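What follows is a short report on a single structure.
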Amino acid sequence: MYRRYNDSSAEIGRLLEILYPIRRSLISSGSEKTLNVIEEFVSGKIEVTSFLSGTIIDTWEVPNKWELIDLKITSENGELLFDLSDSNLRVVIGSPAFEGWVDLDEFIRHCYVHPSISNAIPYVTNYYGNPDWGVCLSKDELDFLKFNHKKIHVSLLTKSQPGALQIGRLEVGNLDYSAEQIFFSTYNCHPQMANNELSGPIVWSMLAKALIEISKVRQLKYKYVFHIGPETIGAIALLNSRFDEMKSFMRAGHVLTCLGIENKYCYMPSRDGNSFADKALKFCFDDLAIDYSIKSFADRGSDERQYCYPQVDLPVCSMMTAKYHEYPEYHTNLDNLELISIKQLIDSYNFYMHLINIYETNYSPIVKTRGEPMLSKYYLWPSENIAGFSANKNKAMLGLLAECDGESDLIDISKKLSLKYEEILKIATTLKGCDLIY
Amino acid sequence: MYRRYNDSSAEIGRLLEILYPIRRSLISSGSEKTLNVIEEFVSGKIEVTSFLSGTIIDTWEVPNKWELIDLKITSENGELLFDLSDSNLRVVIGSPAFEGWVDLDEFIRHCYVHPSISNAIPYVTNYYGNPDWGVCLSKDELDFLKFNHKKIHVSLLTKSQPGALQIGRLEVGNLDYSAEQIFFSTYNCHPQMANNELSGPIVWSMLAKALIEISKVRQLKYKYVFHIGPETIGAIALLNSRFDEMKSFMRAGHVLTCLGIENKYCYMPSRDGNSFADKALKFCFDDLAIDYSIKSFADRGSDERQYCYPQVDLPVCSMMTAKYHEYPEYHTNLDNLELISIKQLIDSYNFYMHLINIYETNYSPIVKTRGEPMLSKYYLWPSENIAGFSANKNKAMLGLLAECDGESDLIDISKKLSLKYEEILKIATTLKGCDLIY
Amino acid sequence: MYRRYNDSSAEIGRLLEILYPIRRSLISSGSEKTLNVIEEFVSGKIEVTSFLSGTIIDTWEVPNKWELIDLKITSENGELLFDLSDSNLRVVIGSPAFEGWVDLDEFIRHCYVHPSISNAIPYVTNYYGNPDWGVCLSKDELDFLKFNHKKIHVSLLTKSQPGALQIGRLEVGNLDYSAEQIFFSTYNCHPQMANNELSGPIVWSMLAKALIEISKVRQLKYKYVFHIGPETIGAIALLNSRFDEMKSFMRAGHVLTCLGIENKYCYMPSRDGNSFADKALKFCFDDLAIDYSIKSFADRGSDERQYCYPQVDLPVCSMMTAKYHEYPEYHTNLDNLELISIKQLIDSYNFYMHLINIYETNYSPIVKTRGEPMLSKYYLWPSENIAGFSANKNKAMLGLLAECDGESDLIDISKKLSLKYEEILKIATTLKGCDLIY
């Protein structure tokens, strides 16, 4: 059913390059701009819901809008040491502005380095505290500073002011009020990082764009709900504003994140572990003959923490290639465009499109006859039987019929008969055409 | 409780010899004659239900009656090459008549050989197509023909005319309308073959005859329903005429087939795999200390295909020794009287009689006391206890009492305590006599 | 919460020495005296219920009171060979009195020895028969007699007369009529033996005494019911007089027996095997890092035979160190004060007090927020997050929150997160204090 992205590398590459340098944070012009760029790419309207700074959402309070304007670190003799030209991770998110000379010791007190990788600039946030100003360097950079400089001039320009948390939503497919929903969630709050930020919004955009096109020519069974917003507080804002709808109608959901590095695939289960989303996602790996590892729900780290929270307990699980917390470049400036590949983004898109195809076509067939039908009458069986060997000629069809008990869906039957989903779907379609199954 | 067949080999041998050469097919005088012979053997009435040719049964249509009358294949010089004297498998079932000279090439086009065994005449059917005439030879025979003959004369006499599909039924035991049923099914549509045809009707007849005799002297708990008819369409005709009764009252059922070759036993599960029939049959193997293999339901091939079809889903499973499709002589003239043994037929009968004994006596006992009873009062326990060793003297009785929870039946208890069914039954009978259990 | 017995060895030692030589049997002054000694030790009232000799309890009949008064076995020349000074196991419980000269053969007919241990005097009972007089010697002693004596004088003084079976009961903690109950059961019918008799009543007394003290300063959640009486018939008398109450209110129960020998711990499951009592007891082993073996319910031997009888089916399971039937000294005079240790009695007490602490504090927490709470607002989370590493700082708290689904109790959560119960309890208490969970 679906549009393949094989020849669209250039289009994806352009989108990546536009989105990469944007200065995003929880609430920021950068995050708003990200939504606009995506909206244009998918050729569909993203509905935005806003929550003003100071709004209480359950136990949370929406913080101020925070903008990073500029950073210049210069030496005693006016030489520019560091600025934002190579990475906008150099400023602690949430840091107040600061301008002035500091001696080395004081600079070190305000400077964050990565705990283990000496050439990585760490991604540091302080959203909900009242932090002092702070900058991030790699340990190598800081060591160089220590050797060569006594006094340093910092010119850090940031702005914190009331604004509004924005979450975006795009619906496509069956738009009936009571349609069951397939949910895709991603986030747009991380600055200049590739796998653990951009890969999510990119695949999200590719899926949304494809479904918008498909829905023009074909009725879809499900309502596809695409959510985008800042991580954690964005998901909590969504849950607190639409929980009853989500609980009633969500059939399956997936967090789109960490989909850009070429690596062994992994599966992050939902709270339940056996929801329809888990079953379909795991089957999708097998049906595509993709080897994958199974992560523990205890190692969840993105918005499935919210969607799968107790009492929330939505059927949300995910596929990733290089999982947050587990690849060394995670949350550093080394998570950059060289680390990911357009090929992997397209493969990740194709994986989820295969899954969507299964969602759309899967159902639980039920036989209509009492005992096996006279298949030869429908030209589905040879009339001639030599020494009992003929039965093997159409074993898949007899096998499928024997599973049409209304309890097994096409996924179950495909697994049981060890046949590709596509083949099972084809046989079921034939039998339904002959009025032999529901 | 049951009559053993140890001294009845001669009786079984006579029955085999009468039934073996009869020319059976789906609808034929041969199948009718088979029913008559069996009826006489069991000394009980087989009720016959008929379905006229052309009748629609679900998606099936009852075919014509087809009779094989004669075949003579002769050479240019009038020498008789093949006729039916050694096997009536030499004609494709359903073949029209033919008389005339054919050259070798044309003969080959009408001749079927076995795909892998060169000295076997295959069993070929074409019930539901509109076949050309056809004969079956072994590959060796055909090769001989090719070398020695250019022209062959075929005189094939068959007759196809409207008739009636017949299914036979014999009921014995508790004949109350609402009695639970134990079901035994076999088929009488295969020509001259021993294991995959006659072993079924033979054991069926032995069981029916034994139960008729037993029921004269003893009340039976269950209604034993014996069904016989052509494979597949016969079972479908039965299902479509009596489904509600079968679904309501059948407690366990077994297809009797492939019971004549001395070989490792095997078990073909029901659709459910855990029905009472499966549980009892598997237990029967263990209780008789018979080693057996478990077949996959996916490899079902006889009438359990119909009885275990989705939505039909009856508790039917089977024991076999050499399963259809799995022994090389299957569906050829090599499946003959030398291949099977009367000893195995009697062993198979004894197996099913042991199972029937379990069906008749099994129940779920429940204790009547609150805490252990004072067994010594009933002379079931030594009053004297030396250093705590006495408890072992009647451990089986205490063990059985501890399982009389109304959820475990005697089969469960026998398995749990690793004791023979007979011993458990004896203890339960004693305790029931003392009014200590229900 | 609980009083530790570390410094109370002397107190336990005194109790042991008082109780050890008392001449107990099913119904006897010795058993009554045992109750009085315990009552004084625990400083709490034991309510006694009496069942007169001859009373019918289900299938049982209460026997007479039987007292052992004296035994003297002397030689031809008046030399005292054996009396009760070293063990009161020398007389078969239930034996009638006898006075007179017997020759060696007759003496042997009345004399019981241990079936396998030559220097052990066996414990022999004959409560419910009509025995002849009987004495018990070690096999070595009997062999010595055989070599040296032809005639022996027996002076055996016992008394059998109507009396009353007594069962004792002590309730402490939440005394509301409808309070859920934790049940501890032990028995006081065995004569002079240490592990398989006294260890039970001793630990029973320590637990009762501790809970009486605790209940003076603290509200307890459960009603703790302590039962003591003769084995088997005592438990059956209890069941037949209070079954509905026990079935309705017992949340968990334990038979206290075989708790005195320093040995690997073992666990005797309840009938169900998965009751709350089983779950808590098994968890207690793990939480205390105690290695233990699991016994089969088939090897039950004490009053769990009654409490776990079918239809009774109470949640009663036990911990033991050296189980009845399994240590060689069982039911002989070698099961004496040297065999057990006060250290083990105190360890066994501490085990059950840990279990009681779990019973009192365990519950199933439920989250109060929709998605994770803003923990930093409650000073439970660092506001600053460096390269994604901060989440590990309070992983246990996030982990616990993710399990507060109302289905998992603190035991489940502790197991799932592999954390000590105490730590889980502390975190749950903190979160409850912040109003983030129920």
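The values are calculated or read from the model by the stated rules, or taken from the named source; none is laboratory data. Treat the numbers as computed from the prediction; the structure is a model and nothing was measured. In this analysis, Cβ positions are derived from the backbone assuming ideal geometry, glycine residues included, and neighbour counts consider all displayed protein chains. Just the protein is used for accessible areas: all its heavy atoms, side chains included, with ligands, DNA and RNA removed. Shrake-Rupley method; radii C 1.70, N 1.55, O 1.52, S 1.80 Å.
Descriptive notes on the structure:
- Here the range C:43-155 is assigned +1 on the Cβ of each Lys and Arg and -1 on the Cβ of each Asp and Glu. Its dipole about the Cα centre then comes out at about 100 debye.
- Compactness of the protein assembly as shown as Cα Rg over 2.2 N^0.38 Å, two decimals: 1.26
- For the axis carrying chain B to chain A: nearest C-beta residue of B, whole Å: B:N274, 12
- Rounded percent of accessible protein surface that carbon and sulfur make up, chain A, 1.4 Å probe: 48
- Label distances, nm, B:K216 versus same residue in remaining copies, Cβ-directed 7 Å point: 8.6, 8.6
- Calculation over all alpha carbon pairs of the range B:128-231 in 5 angstrom steps from 0 returns a P(r) of 2, 9, 14, 14, 12, 11, 9, 7, 6, 6, 4, 3, 2, 1 percent.
- Structural size metrics of the range A:251-309, computed from C-alpha coordinates, are Rg and Dmax of 11.3, 31 Å.
- Reachable lysines, given that their alpha-carbon falls under 24 Å from the alpha-carbon of A:K151 and they are not under 8 places away in the same chain: A:K72, A:K139
- Placing a label point 7 Å from the Cα of C:S364 along the Cα-to-Cβ direction, the distances to the matching points in the other copies come to 2.6, 2.6 nm, shortest first.
- If you take the alpha carbon atoms of the range A:8-92 and fit the smallest convex hull around them, that volume is 138 Å³ per residue.
- Considering only the Cα atoms of chain A, their convex hull presents on average a projected area of 24.7 nm².
- Bridge type composition, chain C - antiparallel percent by DSSP, nearest 5: 70
- Other residues with beta-carbon under 12 Å from the beta-carbon of B:S28 carry, at +1 per Lys or Arg and -1 per Asp or Glu, a net charge of +3.
- Local electrostatic count, A:N240, Cβ distance below 9 Å [Lys/Arg +1, Asp/Glu -1]: +1
- Cα-centre dipole for chain A with unit charges at Cβ (Lys and Arg positive, Asp and Glu negative), debye to 20: 1240
- The phi-based Karplus calculation (6.51 cos²θ - 1.76 cosθ + 1.60; θ = phi - 60°) puts the 3J(HN,Hα) values of the range A:23-31 at 8, 8, 8, 3, 10, 6, 4, x, 5 Hz, whole numbers, x for Gly and Pro.
- Estimated FRET transfer efficiency when R0 is 60 angstrom, pair B:E326-B:K377 (beta carbons, to 0.05): 0.55
- Ranked from shortest, the separations from the 7 Å Cα-to-Cβ label point of C:S116 to its equivalents in the other copies are 5.7, 5.7 nm.
- Using C-alpha pairs under 8 Å with a sequence gap of at least 6, the mean separation divided by the residue count of chain C gives a relative contact order of 16 percent.
- Between C:S241 and A:A396, the modelled labels are 7.5 nm apart [label points 7 Å from Cα along Cα→Cβ].
- Converting phi to 3J(HN,Hα) with the Karplus coefficients 6.51, -1.76 and 1.60 and the offset θ = phi - 60°, the range B:48-64 yields 10, 10, 10, 10, 5, 3, x, 4, 8, 10, 6, 8, 8, 10, 5, x, 6 Hz in sequence order, with x at every glycine or proline.
- For the range C:46-89, the residue among C:L81, C:I46, C:I56 whose Cα projects farthest onto the positive side of the dipole built from Cβ charges is C:I56.
- Rounded if a/c under 1.5, otherwise prolate or oblate - the range C:87-139, Cα gyration tensor axes: oblate
- Among the listed pairs B:K282/B:K416; B:K395/B:K416; B:K432/C:K295; C:K247/C:K420; B:K282/B:K415, those whose Cα-Cα separation exceeds 20 Å are B:K432/C:K295; C:K247/C:K420.
- The charge dipole of the range B:153-284, taken about its Cα centre with unit charges on the Cβ atoms of Lys, Arg (+1), Asp and Glu (-1) only, comes to about 180 debye.
- Anisotropy class of the range C:1-145 from Cα gyration tensor, a/c 1.5 cut: oblate
- The antiparallel fraction among DSSP beta bridges confined to the range C:15-148 stands at about 65%.
- Between C:I108 and B:D299, the simple spin-label model (points 7 angstrom out along Cα→Cβ) gives 6.5 nm.
- Label-to-label distance, C:S85 versus B:N77, with points set 7 angstrom from Cα along the beta-carbon direction: 12.2 nm.
- Dipole of chain C, positive direction: furthest Cα of C:P328, C:Y352, C:S155, with charges on the beta-carbon: C:Y352
- Shown here for the range B:330-438: trypsin sites (Lys or Arg not before Pro) in loop regions (DSSP other than H, G, I, E, B) with at most 14 other Cβ atoms within 10 Å, namely B:K420.
- Principal-axis analysis of the Cα atoms of chain C puts helix C:276-287 at an angle of about 80° to the longest axis.
- Computed from Cα positions, the angle between helix B:233-249 and the longest principal axis of chain B comes to roughly 20 degrees.
- Tail fraction, Cα-Cα pairs, the range A:232-345, threshold 26 Å, whole percent: 23
- With a Förster radius of 51 Å applied to the beta-carbon distance between C:E338 and B:D435, the computed FRET efficiency rounds to 0.60.
- Alpha-carbon centroid distance for the pair the range A:405-438 / the range B:207-274, whole angstrom: 31
- Using alpha carbons only, the radius of gyration of the range A:82-172 set against its Kirkwood radius gives Rg/Rh = 1.07.
- Share antiparallel - DSSP beta bridges, the protein assembly as shown, percent rounded to 5: 70
- Kirkwood Rh (inverse of mean 1/r, distinct Cα pairs), the range C:368-438, angstrom: 12.7
- Counted charge near C:V48, where neighbours are those whose Cβ lies closer than 9 Å (Asp, Glu -1; Lys, Arg +1): -1
- Degrees, to the nearest 10: A:421-433 long Cα axis against longest axis of chain A: 40
- Residue-wise HN-Hα coupling along the range B:152-166, computed from phi with Karplus coefficients 6.51, -1.76, 1.60 (Hz; x: Gly, Pro): 9, 9, 10, 10, 10, 10, 9, 9, 10, 7, x, x, 8, 5, 10
- Sequence-distant lysines (8 or more away, or on other chains) whose Cα lies within less than 19 Å of C:K33: C:K45, C:K65, C:K159, C:K209
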